[in-house]
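Beneath this line is the structure, given in structure tokens, with notes to follow.
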């Protein structure tokens, strides 16, 4: 915009109907050569798009996806126990909804994102029941939100309590216990599909977050032993690929442990992912810590805050806000990296996709079904990563209020 | 030191006993001898202005009083507590001393009222309600009660510095340290901050002020310390300093800034 327009802000920038046409002329049809180029490219894009759409809607065989949708969901988890997983999802999403109503702010951004995710999940070719379930979840979040909004602060402590208990509730629901008729035990080697991917990612994110912060703080510590340990840990883990950490957890660890001690595979993988992710997170957080001016710490100290208070109340909130984009980027890649557990023999979302591609039923389909199956898998990964990115953006906007 | 001690301050307050005592304080930054044997004391309700060329150690001096800088030799006693390496002593002294910085150092992620209420809640263990009432009272005192719910970034420099003063006062300190409080301000905002400091001096607060605002010093200070090369070269009442400076260095410096 020209400076004359800037100096007269009360005058609205003139916007005429012809502007899009003028824009087209200026940018796409400025000379005969540019016009030709534009037309050729348009034709290329259009024909490509048409072929993709044609394939998507007429040629692609979506039956392998539709027929195996439960496998995508929960892997070899007993089909008659599906309700347990659905209940868990409903519980957690409902908690998000009601918390958003009570606390608003960041939680509302997360709940809104989750609602969007449920709507996205209605799109692919699920059966009607599945669609109804996702629509129901979206409605549940909304209903719980308004419930939380109306009850206000009186629900704060019960909801906080439920949040604290929720990992245990989810574990008990999904794992079950022996001797129970309603909740028969389901061995962890039967857990799979999206459920497994989500469990690994959520546990990885939740556990690596505090660990990463501690490592970052430790790396800046004045105590030489603490500092040396943190530096060594971070640099060793960052110098090793995740897949080798996973192999170590799966194959090497049992060699070092006494034969009587058997750690569940899924726990070993979770620990490996957490330890791996924490090292990267620590470096991101360290970047944020360095961005906090020394004057902030001096002001906190001068007020008499002790080192824990000044770290927790002054330094970390500012440091973490500065690195939200980096942290979310890392959580997104962690979510996708969980697909590596496929290589160490776990049947996560990608593992299921691979298994479905090789099912007997589709061997007769010309060209195989891997395109459809992999595309669908990619779509699921994308919906989650997209949601994370959107939520992060809206958190950033919210936290940006009033900053310099 | 006592030759100047009338028993009343420039603003008419009763002078009390010595609340800050420094004896032969030394500090080095590497090879640089930034504080070279500082001996000084401040009495209750006294307003002491510290001035001198940049790099003379005046900021470092007041930062040793609440241990933002560590002194390496000598003795500092604040309100009867000797500054040692014991973190409990240091934190006890910090609770009794408020500090105002050149760059304000407000917490950008907290609203104005939360900035002020934070330390009373976490250090003085007040309830949130008490602390917020106190914060509003102090905002009233510094003249900007309407800004309570804004973030520091939304205020002007002068307003931010007044919030910073309110934040320091919220701990109900016995001594206030001002480290060039108006040096980062635009000229038209200096007065509003100095007005608040004047009012504070009249209320009997013990203050040590590092500043170049000589008109303020002349009006409010009971005593002025001239720092040069890590030493107190000369001290006296504003009248003695401005009208009859004894040392050539004091004369030279005053001639440069007045």
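Tabulated values for the structure
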| read-out | value |
| --- | --- |
| Bridge type composition, the protein assembly as shown - antiparallel percent by DSSP, nearest 5 | 55 |
| Inter-centroid distance (Cα atoms) of region A:218-271 relative to region B:95-122, Å | 41 |
| Packing-based exposure ordering (other Cβ within 10 Å, fewest first) of B:125, A:336 | B:125, A:336 |
| Near-label residues of region A:359-379 by backbone N, under 16 Å of a point 7 Å along Cα→Cβ of residue A:66 | A:362, A:372-373, A:376 |
| Ranked A:126, A:256, A:146, B:226, criterion: other C-beta atoms within 10 Å, fewest first | A:256, A:146, A:126, B:226 |
| For residues of A:313-326, the mean tally of beta carbons on other chains within 10 Å | 2 |
| Tilt relative to chain B, helix B:187-202 - C-alpha long axis, 0 to 90 degrees, to 10 | 80 |
| Protection proxy ranking of B:201-207, B:93-99 - average other beta-carbon atoms within 10 Å, highest first | B:93-99, B:201-207 |
| Ascending count of other beta-carbon atoms within 10 Å, so fewest first, for B:71, B:26 | B:26, B:71 |
| Angle between chain B longest axis and helix B:112-122 axis [Cα atoms, degrees, rounded to 10] | 80 |
| Rounded if a/c under 1.5, otherwise prolate or oblate - region B:89-150, Cα gyration tensor axes | oblate |
| Global geometry of region A:158-198, whether rounded, prolate or oblate, following the gyration tensor of its Cα atoms and the 1.5 cut on a/c | oblate |
| Gap separating the Cα centres of region A:85-127 and region A:375-390, nearest whole Å | 15 |
| Chain B - share of DSSP beta bridges that are antiparallel (%, nearest 5) | 55 |
| Per-pair calculated FRET efficiency, R0 = 51 Å: residue B:77 and residue B:218 via Cβ, rounded to 0.05 | 0.95 |
| Helix-derived mean residue ellipticity, 222 nm - over the protein assembly as shown, DSSP H n ≥ 4, -39500 (n - 2.57), to 500 | -18000 deg cm²/dmol |
| Tensor-based shape of region A:201-334 (alpha-carbon gyration tensor, a/c under 1.5 rounded, otherwise prolate or oblate) | prolate |
| For region B:44-91 versus region B:127-156, the gap between their alpha-carbon centres in whole angstrom | 29 |
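Where a number appears in this text, it was derived from the coordinates with a stated rule and is not lab data. Because the structure is a prediction, the values reported are computed rather than measured. Ideal geometry is used to build each Cβ from the backbone, glycine not excepted, and the neighbour counts take in all protein chains shown.
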